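Data first, discussion second: the structure below is written as structure tokens.
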Amino acid sequence: MYLHSIFSEKQLKSEYRKKALVLHPDKGGSEVEFIKLTQEYKFWKKKLEAKNNDLSGLEVGDTVWVNGTECEVTYVDKISFIAKAKGRIKYAIFDKSTGVGKYNSNYRAALLKEYFAR
């Protein structure tokens, strides 16, 4: 682990840049170590976005939670996405900007299950 106790995007960028200056292959670092750092950066970035329930970066295959039920994203376009409940045939279409179901406003999508515990 290269990045520890990250609480904000600003802190993430700062820590990443400091470590990248040391680990970058052009600066004498190891290519393998730099790749691991970059993967960790992407992990933290996605985790921070999930805290804010930012659905703009969704991709097919991602996991979302719909009213507390685990679902897989099966389709994504600029303004909406489709999520299918895992292990079931039920699916719904959601507005990407709000996470609200397009045809059933009782459905709410979130990136973290904990979002529904609020």
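Structure notes:
- Annotation note: Cβ proximity below 9 Å between a residue of the range 1-23 that is surrounded by 10 or more Cβ atoms within 10 Å (Cβ to Cβ) and a residue that is outside any helix (DSSP H, G or I) and modelled with pLDDT of 85 or more (sequence gap 6+ or interchain) occurs for Ala20/Gly29; Leu21/Gly29; Val22/Gly28; Val22/Gly29; Leu23/Gly29; Leu23/Ser30.
- All conditions but one from (1) loosely packed, with under 12 Cβ neighbours inside 10 Å; (2) assigned to a loop (DSSP other than H, G, I, E, B); (3) of a type outside the set (Gly, Ala, Ser) apply to Gln39; the one that does not is (2).
- Scanning the range 42-51 for residues that are surrounded by 12 or more Cβ atoms within 10 Å (Cβ to Cβ) and not hydrophobic (A, V, I, L, M, F, W, C) turns up Lys45, Lys46, Lys47, Glu49, Lys51.
- Checking each residue in the range 44-67 for being in contact with a strand residue (DSSP E or B) (Cβ under 9 Å, 6 or more places away or on another chain) and of a type outside the set (A, V, I, L, M) picks out Asn53, Glu59, Gly61, Asp62, Thr63, Trp65, Asn67.
- Check on Gly87, under 26 Å from Lys42 (Cβ atoms) and either at pLDDT below 95 or assigned to a strand (DSSP E or B) (or both): no
- Subset of the range 65-98 [touching a helix residue (DSSP H, G or I) at 6+ places or on another chain (Cβ under 8 Å), surrounded by 16 or more Cβ atoms within 10 Å (Cβ to Cβ) and closer than 18 Å to Lys51 by Cα]: Trp65, Lys96
- Condition broken by Leu3, with the remaining ones in (1) outside the structural domain of Lys102 (by TED's automatic domain parsing); (2) not in a loop (DSSP other than H, G, I, E, B) satisfied: (2)
- For Gln39, the stated conditions do not hold, so it cannot be described as at pLDDT below 90 and farther than 30 Å from Ile93 by Cα.
- Residue identified as modelled with pLDDT of 90 or more, within 16 Å of the chain's Cα centre (by Cα) and not in a strand (DSSP E or B) among Val73, Val32, Val64, Val60: Val60
- Count of residues meeting criterion [over 17 Å from Ala110 (Cα atoms) and polar (S, T, N, Q)] in the range 18-76: 3
The values are calculated or read from the model by the stated rules, or taken from the named source; none is laboratory data. On a predicted model such as this, the values are computed, not experimentally measured, just so you know. As a convention, Cβ positions derive from the backbone with ideal geometry for all residues, glycine included, and neighbour counts pool all protein chains shown.
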